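Working notes, beginning with the structure itself.
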Amino acid sequence: MRRSLRSITLATLVMSAATTASPQVRLADFIQVLGRVTNAAIPVENALIIALNLSNFTAIQTQSGRGGEFRLPPLQAGVYRIIAVKEGFAPSSATVLPVRKDHQVALQLRPDRDGTLTKNDEIWAIRSSLPSDVLRELENVYQPLIREAEASRFQAQMFSLAGLDPDNSTSSFARTAVGLSGDLGRGWKVDFEGNLDRIDDANSEMRSATGTGESRAVTMEVSSSPEHSYRIASMRSTWRYRDPYEQRADDHFADLQSHNFIWQYADSKVQVRYLSQENLFGPRDESELFEVSGERLLHQSDRSQLGVSVRLGQETLGRNELATPYRTADLAASGRYEPSIPVVVHYGLRSRLSDNGSEWTPESRAEIRLHEQFSLVLAGSYKILEEGEGMSVPGSVLLWNQTESASPRYAYSLALIVGNPDTGRLEAVAGVTAVDSWIRLMFDERFGPLWDGVYLQPGDLRHDVSVSFRKNIGSRLAVDVATKAGSARADDDANAVGDRSYIVGVIQTAYRPSGTSVDLSYRRIEQQARGDLFPDLAIDRVNLQMAQSLRLPLDLRLLFGLELARTDSSALMYDAELHRRFLGGVSLAF
């Protein structure tokens, strides 16, 4: 209590001195406080932020967002203690004086490694003065509920879904997944996830028509603290297909496999990656890629940030004694600077040295905050080439929501961001990209089939628009929408891939009182061929899936679904037959 009284008395004296030292300066009636919560250099999401007025002990609360940022509503002028708390971290606080209108606060949360909070921490010096509702919030953070303490140390989930084709009464689709997470003791935690998918579907596109396919994926992450983790991910997918241009009806196989190891400690990360593909870009087209990369954050402050990354890779084209390796060495630097509250500038420079020569890619991005819940983001990059006499660049395999990993000749985009994660957020992005290498762009939602996609080739100009929307309607209904549409136009080359267009989207809703969720996905792909490289292709696919909780002690849910698909190896969609598949299964969590 004495420490509490001393803290309050000191704060009052500081406020009096601040208001009497310059009587000719009139302070604002309200102050605005912005801030960011980090652990080392890693943003801390969903931390509880409390602004405590040290004069009348009123308190206002909010939470940090995805990037650790928070914004308090306008506060009546006074001396405030800004407090950040989150389970697993020691609390942090800062004092704000009403000497100016706008304030920026940086709060650093340190991991509470021994599991006990020191009683000498400065935040507890004013604990006895906290309002009862705020005090309960702190106790909920640092003293978990009894039912949580008595719960099992491990949590598990299982999922099984099968599809039935009414035309032949056989199971043509099956998906099984299992997940496990828990505490191993002494601060160690583990997360495991495994997936197995089998498909027998003539309506998925590989090169033109797919027979059967199988995909297996395993991911495991082990962490010793919130800032130290090891992650292993392995995936392999195989398809059997028939080439439409061959006279014989022989089966061919396409294969894609990836193995990753990631080690992360605070603001440093090291990744080892292996990727191989077979027949994804053409018959007898094989490659193996092995690369090592690392990232390091060199500097971070309230207004600026600077980091570097390096990547070394070697890709072997073909698997025989004449196979030729293609080597690359990448070095990149990226930074952030916030000259004022309404503007945030991101900048960077990527360089690559390869068997083809060298290239430099300056890039920049500016976020302009026009309003508290309204921002515009402008981004662009341009590649400067110093080409050599090396071999052609191998093709890349990209997912539709991870295209930022590609390095185009040039790209620019405009994004609109409205709202915030707490009340609802809308993001819309429109961009133009000049492609300078072969790319297999795959569309991978969580419904499957797995790898419908389109091909992009050097010289393509791609236009795309993406929209995402997330909204919690009260405490009962949650809505999540994501969609992307685009088109690519090739050069006038006899062997080039023709015009292509695609639109994919996912709508997910959850109604909490009844434990009901509904997921809807849509996919449309059109690929016009030129020459004999790839045929004309058109795909329509709709997936509807519903889950209903049975309200048992174990979280048991029944799954129902319907898939409608239509594929045609010509440009005339109405000539294709509509195929149906009924889905059913269960999920269990305990």
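Observations, loosely collected:
- Å² per residue, accessible surface of the range 291-380 at 1.4 Å: 57
- Surrounding net charge for TYR511, when Lys and Arg each add one and Asp and Glu each subtract one, Cβ distance under 14 Å: +3
- Each of THR95 and ASN472 was given a label point 7 Å from its Cα along the Cα-to-Cβ line. The distance between the two points is 3.4 nm.
- Taking all protein chains together, LEU109, LEU562, LEU331 sort by accessible area into LEU331, LEU562, LEU109, largest first [probe 1.4 Å].
- Candidates per GluC sites (Glu not before Pro) in the range 282-366, loop by DSSP, up to 15 other Cβ within 10 Å: GLU321
- Here the peptides 371-382, 69-80, 227-238 are ranked by packing, the mean other Cβ count within 10 Å, and the order with the highest first is 69-80, 227-238, 371-382.
- Proximal charge balance of SER375 [Cβ under 11 Å; K/R count +1, D/E count -1]: -1
- Note on surface exposure: TRP360, TRP438 rank TRP360, TRP438 by accessible area, highest first, 1.4 Å probe.
- Of ARG365, ARG186, the order by accessible heavy-atom surface (1.4 Å probe, DNA, RNA and ligands excluded), from most exposed downward, is ARG186, ARG365.
- Neighbour net charge for VAL345 - beta-carbon separation under 10 angstrom, K R +1, D E -1: 0
- ALA106-VAL343 FRET efficiency (beta carbon distance; Förster radius 22 Å; 0.05 resolution): 0.75
The values are calculated or read from the model by the stated rules, or taken from the named source; none is laboratory data. No experiment lies behind these values; they were computed from the predicted model shown. Note that we place each Cβ from the backbone using ideal geometry, even for glycine, and neighbour counts take in every protein chain shown. Just the protein is used for accessible areas: all its heavy atoms, side chains included, with ligands, DNA and RNA removed. Shrake-Rupley method; radii C 1.70, N 1.55, O 1.52, S 1.80 Å.
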